[in-house]
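Notes to accompany the following structure.
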Amino acid sequence: MKCQKCEKPATFHITDLTGEELLALHLCPDCAKLYLQTEEPTMETPMLSGVLSKQMKLEQTAEDLRELDSRECPVCGISFYEFRQAGRLGCPHDYVFFGNELEPLLVNVHGDNRHVGKKPARGSANTESQVELIRLRREMKEVIENEDYEQATKIRDRIRKLEQENRPHA
Amino acid sequence: MPEPQSFDANSDLHGSPSSALSRNQGGSRLTSGIEVSSRLSLSRNLASYPFFDASSDLQRQEISHELLHSSWARKNCNRYRVVDCRQLQLAERQFLFDLQAIVGLPLSVVITEADEGLDSAPASMLKETSNGHSEELQSPAAGLPPDPTAEPAESNRESLAPPIFRTVSLVFNHEDHLRIDIDSRGECLEEHWRLASHIDDQFQSELDFAFHPTFGYLTACPAEAGTALRASVLVHLPATMAMGTHTDLSNRLNRWNVALREAFGDPSGGDFFRISNLATLGLTEAELLDQVKQAVGLAVQFEQEARAQWSQRDLPGLKREVHRALAELLTLDLQSKDDAVRWAMIRALSRMRLGLHLGLSSPAEGAVIASKFQLIWLKRLLDLAIAKEDYRAASRLRDRIKSLGESA
């Protein structure tokens, strides 16, 4: 049997139980090593989830926390609970949607929450249409998963139209 | 065989020590050898896509495509070497870069024969990229991207192992959509920033990166938002560790919002540390670099004082340690990927480097170790050349290995 990721013979047969469904993998030693390697946290980044949970315990009641955790970004669909667990946001709009919660966190991590560095030379782009593009791409992902290709074609055309409108006249 | 002065990491940077001196304006620090290498990372995300973790495989392919096919990337691809990271993982590459800087060899191991332009990059490479692997563009010897005098790829290919002292990597879809990584020997963060900002400007002339008027450049991890810049310098602090003043140094740096972290994960402490900025909001890029540079200056001061103290207190003991390390390096398996062996190697290299800088061992002894490393890296390049069926390159490498083996 060949490795599922390269041409070498598969000598590792892994059944992954960590996701929602069983995942059977047949890999060569090199690919298996890569797959089994747990990604190390970036050394340069402070442990964000620790800072976050400490801050929230101090400022919120259990009920507040539950309510906040259940909030989902309407654009990318990430919940605050998911962000709290992984320490990573889903899309640029999260900075707006979870803005009130993020501000104290940013102050805690950086000692400040205002950017004073480099700015885009062309000025800010059309944020609304960019957010719409992210939303459409999420919708596209869902309809493809449901094999609704007719709808996918319509969404693709809308994405292309928006992209054309957004393209900078450089 | 490398000349002894190749251990002066800063003099390697731009060809001559005097040019490096005028750039850094820090004559006394240049010969200390305490600053080993510097790294600057600048992260960016496309405004109209979800962040990496939340994006699908298809979206990741689209992101790679947008970045790779921007007119700047297409225009400059023939000046760069496309390094296939499937053979060398990113962390392993960075380890090798640091190791080369520590040993002080004018040689880069990160050479492949893949000199094709980005347009001809195989689809599988894009697919790999979308799966979280990285793809890199490596600049020829310290050249800025639009440098018209940059060597064409073919001549680099001829020389096989050109003396590359700065590597520029464009890493796609690794935590953020784009990360511009610049590594070099010595401390030259300001030059790195100018280059990274220039590359960023080129991308921004046709792509919109996620930016918020208050929070600055937006990244998947809020700890990076704002400037999205991480600057770090690898410093060699053996005497600070031996004299026990590192805790005091670490506390003082923490008050400046700068981190001092052991560089290679050695549980017994280690002598190499990375000094980097913690905050990315509230300060400009220049202020952040200044913060790190000041911290490095303090670390250098601590180390110089500790070295003087150590030499005064126990010079014979220090000499013994240096000679024991040199003997150890001759017997250790320098190619091992085992962490314990690597830590032992780094500890021995640390003593060797210290001995050379304090004049406790002869440059010839250091050169023997350096050529041992050079031989290993050339053999690694030979393996890569054979795997790529580039027999011309393999033949040249065999000749070099033979001549090095004879002279050693």
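What FRET efficiency comes out for B:S268 versus B:Q301 if R0 is 25 angstrom and r is the Cβ-Cβ distance? Round to the nearest 0.05. Walk me through the numbers before you get to the answer.
On the way: r = 25 Å, r/R0 = 1.00.
Efficiency computed from Cβ-Cβ geometry: 0.50.
The B:K388 and B:Q312 beta-carbon pair, evaluated with R₀ = 60 Å, returns a calculated FRET efficiency of approximately 0.65. Can you give the log10 of the normalised intensity I(q)/I(0) at q = 0.15, 0.20, 0.29 Å⁻¹, computed with Debye over equal Cα scatterers of segment B:188-240? The calculated log intensity ratios at q = 0.15, 0.20, 0.29 Å⁻¹ are -0.57, -0.85, -1.17. Cross-linked pairs B:K337/B:K402; A:K119/B:K75; B:K372/B:K402; A:K8/B:K388; B:K337/B:K388: Cα-Cα separations exceed 19 Å for B:K337/B:K402; A:K119/B:K75; B:K337/B:K388. The A and B chains share an interface that buries close to 4300 Å² of accessible area, total over both sides, probe 1.4 Å. Relative protection proxy for B:334-346, B:275-287, from highest mean packing down: B:275-287, B:334-346 (other beta-carbon atoms within 10 angstrom).
The values are calculated or read from the model by the stated rules, or taken from the named source; none is laboratory data. Note that the structure is predicted; figures quoted are calculated from it, not measured. No Cβ is skipped: glycine too gets one built from the backbone with ideal geometry, and neighbour counts run over all protein chains shown. Keep in mind that these areas ignore ligands, DNA and RNA; they rest on the heavy atoms of the full protein, side chains included. Shrake-Rupley method; radii C 1.70, N 1.55, O 1.52, S 1.80 Å.
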